[in-house]
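Here the structure is laid out as structure tokens; the discussion comes afterwards.
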Amino acid sequence: MWCKFIIFAPPFLNFFSMATVQAFIRVSQKKIEKTNIRFRLRDGRKIQLFHVSEIQINPDLFDSKKQKVKERVLFNDRDEFNKSIVDRKTLIESIYNSELNRGCINSEWLEAKIKEKVHPENIKQNEEAEETFFDVFQEFLKKRKLSTTRINNYKVVFRALQRFELYTTKKIKKPFRLTFDSITPSMLIEIETFLKDEYTFYETIPEIYIAVPESRTPKPRGQNTINDIFKILRTFYIWSVDTGRTANNPFKSFKVEECVYGDPIYISSEERNILYNTDLTHRPLLAIQRDIFVFQCLIGPRVSDFFSMTRANIIDNAIEYIPRKTIDGRPDTLRVPFIPISEEILNKYPNNSNERLLPFISKQKYNDSIKAMFKIAGLTRMVTMINPTTRNEEKRPINEIASSHMARRTFTGNLYKKVKDPNLVGSLTGHKVGSKAFARYRSIDEEMKQDLVNLLI
């Protein structure tokens, strides 16, 4: 376990490395005037890297034991030559110790890294001449007009592809690079398998996460999440073809599955009022988040829009905002008037830092608070849902699946129960006409079904 810790240690722990570098020569002929000095780096039993340097010497003049020019021979610039060997050994150690992803390295990798250090001018010329797949991806992010949330979603895909590259290098035991042409329909299937299994690599191949980290411990991805990743990658490929970066589009022969969702789960207006009236004086901080959740239920924004709101969004007794998700192609301004409970909650928190609308906390802590307040309020009824990872039907208490997005669904679902007009409700939620997400609300209300069959009377 100690050796494994050393191999993947971060830079500030590299002074513990057991790696050693040795200079030596290898002569295949008995009489030869000059040969190249070779170097071998060893770290335990598993890692052994070789480097053939441009430093040359007559084999008869080299002391293999002391790794320098023999003591009692004539040799011009002895000190300079010996120093060049010491410097190269130091460089090799430095390159090795600075590399976090040691599970994917080999002698070819070491040679390339040394060339970068010894002849940086050549590397610079090559970099200027060749755009990598990830270079173009970064340019795509800069040039596309995307909201902050969508940029973050694209960066998640960017990092996942970087880890796929490292994983493949380790699997095939030689350097692997993603290119526009290397991504074929069959490669997309490999990427899909990687995305499904990646959460297991956090324990089994930790070096890929050390090299390309995420802020949270990875969890299993459901098919819907993987479909969304492929939609992002497909958008990037279409842009790359349109801008002349590549003529290859593997998605012409690779179909991205449609996402599968169950009926939206939300609380009724009566349940919302029960939550709002629950006594939380013994949990004052939770009471604040309860008020924030109820307020979100009354105006219906996505949490990313909600947490960005300030007092400036209050205009003539209503909230006005442009949803970030649709700001690129359809920047409609939504205006949601207040009702008495909305005004009551706002009046409770008149002074917030940075003029924020309400005293928000982190999104994760907000979601945790929602689950806790539901349980205390007795909102624990069983609901039927589709597990997003397995796609199997499950029965679970509503408090266990409650989250910030349930506030948006509560706003949408309760409005739709009253007016049954998707266009009118969409003017308050931002759902576009014909939205697949909005269409799911049509199948959930027993009262609506009863009203419909009553028409037969």
For the residue pair Glu257 and Glu54, what label-to-label distance in nm results when each label sits 7 Å from Cα along the Cα-to-beta-carbon direction? 5.4 nm
Lysines near Lys348 by alpha-carbon distance under 25 Å, same-chain residues fewer than 8 away left out - which ones? Lys363, Lys365, Lys371, Lys375
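Which of the trypsin sites (Lys or Arg not before Pro) found in the stretch 162-219 are loop residues per DSSP with 13 or fewer other Cβ atoms within 10 Å of their Cβ?
Numbers: sites: Arg163, Lys170, Lys171, Lys173, Arg177, Lys196, Arg216; in loops: Lys173, Arg177, Arg216.
For trypsin sites (Lys or Arg not before Pro) across the stretch 162-219 that sit outside H, G, I, E and B with at most 13 neighbouring Cβ atoms in 10 Å, the list reads Lys173, Arg177, Arg216.
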If I take every Cα pair under 8 Å that is 6 or more residues apart in the stretch 133-252, average their sequence separation and divide by the length, what percent do I get for the relative contact order? 32 percent
Any chance you could list P(r) for the stretch 244-334, counting all Cα-Cα pairs in 5 angstrom bins from zero, rounded to whole %? 3, 9, 14, 13, 15, 15, 9, 7, 5, 5, 3, 2, 0
Relative packing of 240-247, 185-192, 222-229, which averages over residues the other C-beta atoms within 10 Å, highest first: 222-229, 185-192, 240-247
Residues Val21, Val118 arranged by fewest to most Cβ contacts within 10 Å: Val118, Val21
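Based on alpha-carbon positions alone, could you give the equivalent ellipsoid semi-axes of the chain from the gyration tensor, as √(5λ), descending, whole Å?
Details: eigenvalues 744, 120, 87 Å².
Working through the eigenvalues yields semi-axes of 61, 25, 21 Å.
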Spin-label model distance (nm) - Leu61 vs His282, 7 Å beyond Cα toward Cβ: 8.8 nm
For helix 185-204, report the angle its Cα long axis makes with the longest principal axis of the Cα atoms of the chain; keep it between 0 and 90° and round to the nearest 10°. 90 degrees
In Å and on Cα atoms, what radius of gyration and Dmax does the stretch 133-252 show? 14.1, 40
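Please give me, ordered by residue number, the trypsin sites (Lys or Arg not before Pro) of the stretch 346-392 that lie in loop per DSSP and have at most 13 other Cβ atoms within 10 Å.
On the way: sites: Lys348, Arg356, Lys363, Lys365, Lys371, Lys375, Arg381, Arg391; in loops: Arg381, Arg391.
Of the trypsin sites (Lys or Arg not before Pro), the ones in loops of the stretch 346-392 whose Cβ has at most 13 other Cβ atoms within 10 Å are Arg381, Arg391.
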Computed over the stretch 341-415, the distribution of all Cα-Cα distances in 5 Å bins, rounded to whole %, is 3, 13, 15, 22, 23, 11, 6, 5, 2, 0
At 222 nm, what value in deg cm²/dmol follows for the chain if DSSP H runs of at least 4 each add -39500 (n - 2.57) and the sum is divided by all its residues, to the nearest 500? -15000 deg cm²/dmol
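Every number here is computed from the coordinates shown, using simple stated rules; none is lab data. Just so it is clear, the model here is predicted, and its values are computed rather than measured. With ideal geometry, Cβ positions are generated from the backbone for all residues, glycine too; neighbour counts draw on all protein chains shown.
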